[in-house]
Amino acid sequence: MNEIKLKGGHLSLHELNAIFTTIPQEFDVLDENDIIVWSSMNEHRIFPRTEKDIGKTVFEVHPGHSQGRVKAVLKQMHEGERNSISINIHKNGQPLNISFYSLHDDNGKYLGCVEVTQPVQSYQVKGSKWRNFINIIHKK
């Protein structure tokens, strides 16, 4: 079994794939040229991706109304002016958080960006203590 050595330990390719098909967040990794090099392909995706999207620019998969903002954020990341941004939107009545994180090597060279999208309805503040208590009692 091939193991991938990471900071903090090691995982098999099988384990790594299981992580990204299980967790409800969706990830898109862009290289230094804003090309999609990897996407989590799980059933939880809100913005679907397929193998055909790998190799496309991020602008080819984002809707036209958001492209200007995405370009501006990525330009700031390329220029070292921003390391991350987190925005909240609604899609089909569902509150979402979309975060972009600038990726760098140990020498500070820009490697690209990871975009993480997740529903945040269950993280809403109102009633969260009660909801946490109920979730602890009712194992799922």
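Only the coordinates and a few stated rules stand behind these numbers; no lab work does. Everything numeric here is computed off the predicted structure, so don't read it as measured data. Glycine also receives a Cβ, built like all others from the backbone with ideal geometry; neighbour counts cover every protein chain displayed.
Structure data summary
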quantity	calculated
Separation of the Asp105 and Ser66 label points, Cα + 7 Å toward Cβ, nm	3.0
Of Pro95, Pro48, Pro63, the one that fluctuates the most in a GNM where the chain has Cα springs shorter than 10 Å	Pro63
Spatially proximal aspartates and glutamates relative to Lys75 (Cα-Cα < 19 Å; intrachain offsets below 8 disregarded)	Asp28, Asp31, Glu32, Asp34, Glu60, Asp105, Glu115
Gaussian network model of the chain, springs between alpha carbon atoms under 10 Å - residue of Thr117, Thr21, Thr50 with greatest fluctuation	Thr50
The range 62-127: relative contact order in percent, alpha carbon pairs under 8 Å with at least 6 residues between	22
Two-site FRET efficiency, Phe59 against His14, from Cβ-Cβ distance with R₀ of 30 Å, rounded to 0.05	0.35
Among Arg49, Arg82, Arg69: highest mean-square fluctuation, GNM of the chain, C-alpha pairs under 10 Å	Arg69
Whole-angstrom gap from the range 65-118 to the range 7-54, using each part's C-alpha centre	16
